[in-house]
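The values are calculated or read from the model by the stated rules, or taken from the named source; none is laboratory data. Model, not experiment: these values are computed from the prediction. No Cβ is skipped: glycine too gets one built from the backbone with ideal geometry, and neighbour counts run over all protein chains shown. For accessibility, only protein heavy atoms count, side chains too; no ligands or nucleic acids. Shrake-Rupley method; radii C 1.70, N 1.55, O 1.52, S 1.80 Å.
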Amino acid sequence: MKLSELAAIKAKMESVVSVRSGEEATDGVRKHVLICGGTGCTSSNSVTISETMKAELEKAGIADEVKVVLTGCFGLCALGPIMIVYPEGVFYSAVKVEDVPEIVKNHLVNGEVVTRLVYKDEITGEHVHSLMETRFYKSQKRVALRNCGAIDPEDIEEYIAKDGYAALGKVLTEMTPQGVIDTMKESGLRGRGGGGFPTGNKWQFAANSVSDKKYVVCNADEGDPGAFMDRSILEGDPHAVIEAMAIAGYAIGADEGYVYVRAEYPIAVRRLQKAIDQAREYGLLGKDIFGTGFNFDLNIRLGAGAFVCGEETALLTSIEGKRGEPRPRPPFPAVKGLFGQPTIINNVETYANVPQIILKGVEWFTSMGTERSKGTKVFALGGKITNTGLVEVPMGTTLRTVIEEIGGGIPGGKKFKAA
Amino acid sequence: MKKKMTTVTFTGTPEQEQKLDAIIAKYGKDEGAIMRILQDAQEVYGYLPIEVQKMISIKTGVPLAEIYGVATFYSQFSLNPKGKVAISVCLGTACYVKGSGPVMEKICELLGVQPGETSADGKFSVDATRCLGACGLAPVITINEDVYGKLQPKDVADVLAKY
């Protein structure tokens, strides 16, 4: 793969961006139907809905004109399964298998929106036609989740259409490893796994450690009950994590990485494996990436149901195939980590921010968030709240905004008292 | 939590042992192979009885104590045979708050087992699982590969009747 070939794929896939931002198609595929294939909506039968949709389109003779895509999580799990029809951006919620023939006949063939299935605002009770106009999305700022619900996570070319692997290309051809680390430091990105350690500093420590072999590890052992931020990113945009890990590998001088995922996340594991296979096939993982002489490859390791393995040293011990017991620090992983070699270990969401920071720049990233914590944060909303699901907001957003505006408040008009 | 050893007689077949050999050949030289061997071996046998652990120890040269240590550390490794219908009830916080406790009680009552046990006819096994991350649909249970969300105790009998 050369940079020019990456650009050619991007140009070829342009309709992924244009039709889904409301423009008329130029390639004859006049509509894109995006159906949520995250764990939440899959549990509410979205895979059968997608298959039924394809069969009905075939029957109606318009299978060539409509592209059906099973995406990652849109975030509004409470109203799943969710379906969006582009270019008009009509937002159907709680779709059932039996509704599919009506959507195909009325909307996709005759162009009449099926009003009864269009999402209703939880407060005004009015139909809201477009996803972005909903109260749920309006106050959000999606960076790590930007592609979740927007692309087919099982098609690397859709990721490339949305500037995928362009950051890796830029890093390998225009930046020095130290330049990458400096950018991460200046961006102020902090670890999203909970510790909030400055990512750039962590990379610097590993870069400073002298060794022939270093590792890049992704902590996807998301074990805190009620949290599914990392799972949704792996299900909805696995290539963002792969690309970021390759960038990290270049920055610290590592040629191998591991993603440690919980076995409780089968869809995430399957999509990630497929994404890694595709990246290898396209030459975006493996030897001599973009003809620069940089080598990097990834492995997946599955957890086996041990909460403690989310702790970084326990996780590394578990990758080594042993009982996942934590080991004392120091030495920190950046000095002596996986198999005794210098290792950086970052969380899924942290990695998902990296390609965007490289492409859009430090200034863009630091314009969001607070004085001491830049960017955005993904939150999983669960329990007694109207819009259970996944949201992303700038750092510093108040809990009240998240719960009352985005989350639609507490069911039954109850008051939010404390947290 | 201490894991109980099974009293069920081990009935491994030569075909299963062949598969085990293939698994060990596949991972044998990798660093940190034991966990992956155990994960795949559990797919083959359905559980990890001491007999299988001994075979792995002899074939890989890794001490049995180490293998037993790993097998008992991770909650996904089972030393007991599972039922043909494996039920997992999520007792993560979100599901628990939304009432997965009563759902678990109802399942146990209907099947006459305790969590972690297999019914007398060997058909159903019931386990508590950690958060499945489908909290938007809490409370959630999985039966083999199927997921059931927003489940109430009164729905349990109908769901079980499908199996």
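Determine the percent antiparallel among the DSSP beta bridges restricted to chain A, to the nearest 5.
Of those bridges, close to 50 percent are antiparallel.
So if a site counts as exposed when it's one of the GluC sites (Glu not before Pro), its DSSP state isn't H, G, I, E or B, and it has at most 16 other Cβ atoms within 10 Å, what's the longest stretch of chain B without one? Before the final figure, lay out each step's value.
Numbers: sites that count: B:Glu31, B:Glu145.
Here the longest segment lacking exposed loop sites spans B:32-144.
For the range A:88-223, treating each Cα as an identical point scatterer without solvent, what Debye log10 I(q)/I(0) comes out at q = 0.11, 0.13, 0.20, 0.22 1/Å?
Values returned for q = 0.11, 0.13, 0.20, 0.22 Å⁻¹ are -0.69, -0.85, -1.35, -1.46.
Taking the Cα-to-Cβ direction at A:Ser4 and at A:Asp121 and moving 7 Å from each Cα, how far apart do the two end points lie in nm?
Computed distance between label sites A:Ser4 and A:Asp121 equals 5.3 nm.
Put A:Thr199, B:Thr11 in order of accessible area, largest first, 1.4 Å probe: what do you get?
B:Thr11, A:Thr199
Under a plain spin-label model, where a point goes 7 Å from the Cα along Cα-to-Cβ, how far apart in nm are B:Glu15 and B:Asp146?
2.6
Compute the signed sum of charges (Lys and Arg +1, Asp and Glu -1) over the other residues within less than 9 Å, Cβ to Cβ, of A:Ala254.
Surrounding charge for A:Ala254 is 0.
Based on the Kirkwood radius over alpha-carbon pairs, what value in µm²/s does the Stokes-Einstein equation return for the translational diffusion coefficient of the range B:14-73 at 20 °C and 1.002 mPa s?
191
Would you be so kind as to list the residues of the range B:73-95 that have their accessible area lowered by at least 10 Å² in the full protein complex compared with their chain by itself (1.4 Å probe)?
SASA drop of 10 Å² or more in the range B:73-95: B:Phe73, B:Tyr74, B:Ser75, B:Gln76, B:Thr93, B:Ala94.
Please list, in order along the range A:181-186, the HN-Hα scalar couplings obtained from phi with the Karplus expression 6.51 cos²θ - 1.76 cosθ + 1.60 (θ = phi - 60°), rounded to whole Hz, x for Gly and Pro.
For the range A:181-186, the Karplus-derived couplings read 5, 4, 4, 5, 5, 5 Hz, x marking Gly and Pro.
Averaged across orientations, what area in nm² does the convex hull of the alpha carbons in the range A:209-358 project? Could the numbers behind the result be given before it?
Values: hull surface 34.8 nm².
Answer in nm², one decimal: 8.7.
Filter the cross-link list A:Lys54/B:Lys162; A:Lys54/B:Lys84; B:Lys106/B:Lys162 down to pairs whose alpha-carbon distance in this structure exceeds 25 Å.
Exceeds cut-off: A:Lys54/B:Lys162; A:Lys54/B:Lys84.
Here are some pairs, A:Lys377/B:Lys154; A:Lys377/B:Lys98; A:Lys138/A:Lys360; which of them have Cα atoms lying more than 32 Å apart in this structure?
Numbers: A:Lys377/B:Lys154 38 Å; A:Lys377/B:Lys98 25 Å; A:Lys138/A:Lys360 22 Å.
A:Lys377/B:Lys154, as the Cα separations exceed 32 Å there.
Under the definition of Cα pairs under 8 Å and six or more residues apart, what whole-number percent is the relative contact order of chain B?
It comes to 20 percent, rounded to a whole number.
Report the relative contact order of chain A, percent, no decimals, based on alpha-carbon pairs under 8 angstrom and at least 6 residues apart.
Working: 846 pairs, mean separation 75.0, N = 419.
It comes to 18 percent, rounded to a whole number.
Would you compute, for the Cα atoms of the range B:85-161, the largest minus smallest coordinate along each principal axis and list the three values in descending order, in whole Å?
Projected onto the principal axes, the Cα atoms of the range B:85-161 cover 34, 22, 19 Å.
Express the carbon and sulfur contribution to the solvent-accessible surface of chain B as a percent, rounded to the nearest whole number, probe 1.4 angstrom.
Summing carbon and sulfur atoms, their accessible area is 54 percent of the total for chain B.
In a shell of Cβ-Cβ distance under 10 Å around A:Val114, excluding A:Val114 itself, what net charge do Lys and Arg (+1) and Asp and Glu (-1) give?
Cβ neighbours under 10 Å give a net charge of -1.
Which of these, A:Glu264, A:Glu281, A:Glu392, has the largest mean-square fluctuation under a Gaussian network model of chain A (Cα springs below 10 Å)?
A:Glu281
Would you compute the Debye intensity of the range B:8-108 from its alpha-carbon atoms alone, equal scatterers and no solvent, and pass along log10 I(q)/I(0) at q = 0.20 Å⁻¹ to two decimals?
-0.96
Connecting C-alpha atoms closer than 10 Å in a GNM of chain A, tell me which of A:Ser21, A:Ser318, A:Ser46 has the biggest fluctuation.
The residue that fluctuates most here is A:Ser21.
Starting from the Kirkwood Rh over alpha-carbon pairs, what translational D in µm² s⁻¹ does the protein assembly as shown have by Stokes-Einstein at 4 °C and 1.567 mPa s? Each step should come with its number before you reach the end.
Details: Rh = 25.2 Å.
For these conditions, the coefficient is 51 µm²/s.
Which residues' amide hydrogens lie under 5 Å from the amide hydrogen of A:Gly369, considering only partners 5 or more residues apart or on another chain, with H built in the peptide plane?
A:Gly375, A:Met395
For the range A:377-419, what size does the Cα cloud have along each of its three principal axes, sorted from largest down, in whole Å?
Extents along the principal axes, in whole Å: 28, 18, 15.
Counting C-alpha atoms alone, how compact is the range A:232-290: give Rg to one decimal and Dmax as a whole number, in angstrom.
Values for the range A:232-290 (Cα only, Rg and Dmax): 11.7, 35 Å.
With the solvent-accessible surface defined on protein heavy atoms using a 1.4 Å probe, which residues belonging to the range A:245-280 display a reduction of at least 10 Å² in accessible area in the multichain context relative to the isolated chain?
With the partner chains in place, the range A:245-280 has these residues losing at least 10 Å²: A:Arg262, A:Ala263, A:Glu264, A:Tyr265.
Aspartates and glutamates within cross-link reach of A:Lys141: Cα-Cα under 19 Å, excluding same-chain residues under 8 positions apart?
Result set, ordered by chain and number: A:Glu133, A:Asp163, A:Asp230, A:Asp237, A:Glu349, A:Glu363, A:Glu371, A:Glu392, A:Glu404, A:Glu405.
Amide H neighbours of B:Ser75 under 5 Å, at least 5 residues apart or on other chains, H built in the peptide plane: list them.
A:Ala306
Normalised by the empirical 2.2 N^0.38 Å for globular proteins, what value does the Cα Rg of the range A:9-137 take?
After normalising by residue count via 2.2 N^0.38 Å, the value is 1.00.
What accessible area, summed over both chains, is buried at the B-A interface (1.4 Å probe, Å², nearest 100)?
2700
List the residues of the range A:313-327 whose accessible area drops by at least 50 Å² when all protein chains are present, compared with their chain alone, using a 1.4 Å probe and counting only protein heavy atoms.
Residues passing the criterion (a loss of at least 50 Å², heavy atoms only) are A:Gly321, A:Arg323.
What does the average come to when, for each residue of peptide B:31-38, you count the partner chain Cβ atoms lying within 10 Å of its Cβ?
The per-residue average across the peptide is 5.
Could you work out the percent of alpha carbon pairs in the range A:171-237 separated by over 14 Å, rounded to a whole number?
Numbers: 1531 of 2211 pairs.
Every Cα pair in the range A:171-237 considered, those over 14 Å come to 69 percent.
Hey, in the GNM for chain A with a 10 angstrom Cα cutoff, which one of A:Val261, A:Val210, A:Val113 fluctuates hardest?
A:Val210
For chain B, find the longest principal axis of its Cα atoms and tell me its angle to the long axis of helix B:64-73, 0 to 90°, nearest 10.
Once rounded, one gets 20 degrees.
Filter the GluC sites (Glu not before Pro) in the range A:1-101 to those in DSSP coil with at most 10 other Cβ atoms within 10 Å of their Cβ, and list the result.
Sites meeting the loop and neighbour criteria: A:Glu24.
Would you mind calculating the relative contact order of the range B:85-161 from Cα pairs under 8 angstrom and at least 6 residues apart, reporting the percent as a whole number? Intermediate results must be reported in sequence, preceding the final value.
On the way: 125 pairs, mean separation 30.6, N = 77.
It rounds to 40 percent for the range B:85-161.
With every protein chain present, what is the per residue accessible area of the protein assembly as shown (1.4 Å probe, Å²)?
Numbers: 24580 Å² over 582 residues.
Accessible surface, normalised per residue, equals 42 Å².
Under the definition of partner shielding as Cβ atoms of other protein chains within 10 Å of a residue Cβ, what is the mean value for peptide A:376-384?
Mean number of neighbouring Cβ atoms from other chains: 3.
Near A:Pro394, within a Cβ-to-Cβ distance under 12 Å, what is the net charge of the other residues, with Lys and Arg +1 and Asp and Glu -1?
+3
Between the range A:271-334 and the range A:57-129, how many Å separate their Cα centres?
Going from one Cα centre to the other spans 38 Å.
Taking the alpha-carbon distance from A:Lys202 and a cut-off under 19 Å, which lysines remain once sequence neighbours fewer than 8 residues away in the same chain are dropped?
A:Lys185, A:Lys213, A:Lys214, A:Lys336, A:Lys374
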